[in-house]
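Okay, so here's the structure we're looking at.
Rule-based calculations on the coordinates, nothing more; no lab input. As the structure is a prediction and not an experimental result, all values here were calculated from the model. As a convention, Cβ positions derive from the backbone with ideal geometry for all residues, glycine included, and neighbour counts pool all protein chains shown.
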Amino acid sequence: VRFELLPVDILFLQMERFRDWKREAFGSDYDIVVHYSKHYEHFLEEKLGATGEGLHQKITSVQNKIDVKTIKKLRYIATIRNKLIHDKNCTKLDDRKTFLLTCKEVNQLLEAQTKKGCIIQ
């Protein structure tokens, strides 16, 4: 007996291949999380004079220089990073889209604060 793929099955297979390609094109969850975490650590150090070992400590060291909304989003990123790196049961992002949107928002918030001179140097 030979099974034929229905058009919907072919479409589903193509979508799965595209999803896999899209994931590879943007990097693994580890790549993405580490990239953004390093970016924010460097930004906080270079632009705001942050000190500390990790992103959480760096955020704490400059929390009087940036707004609360940005701090909360940076802490979310730091928490996700720590969970992905240190929790042996965590092997991928629970919600990649939310993580990426949060990073985009942080970029916009930091850029806007820097342009407006709202960041206290």
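Annotations
- Extension gain for the segment D67 to L100, taken as residue separation times 0.36 nm less the Cα-Cα distance, is 9.9 nm to one decimal.
- Here's the picture: a label point sits 7 Å out from the Cα of H35 along the beta-carbon direction, and within region 81-95 the residues with their amide nitrogen under 15 Å of it are 93.
- Listed cross-link partners K38/K88; K38/K115; K72/K104; K58/K92; K38/K104 are compared with a 18 Å cut-off, the Cα-Cα value being larger for K38/K88; K38/K115; K58/K92.
- FRET efficiency for I85 and Q108, using Cβ-Cβ distance with R0 set to 25 Å, rounded to 0.05: 0.45
- Residue-by-residue Karplus 3J(HN,Hα) for region 93-104, coefficients 6.51, -1.76, 1.60, Hz, glycine and proline x: 5, 5, 8, 4, 4, 4, 4, 5, 5, 4, 4, 4
- The packing ranking of peptides 81-90, 104-113, highest mean first, is 104-113, 81-90, where packing means the average number of other beta carbon atoms within 10 angstrom of each residue.
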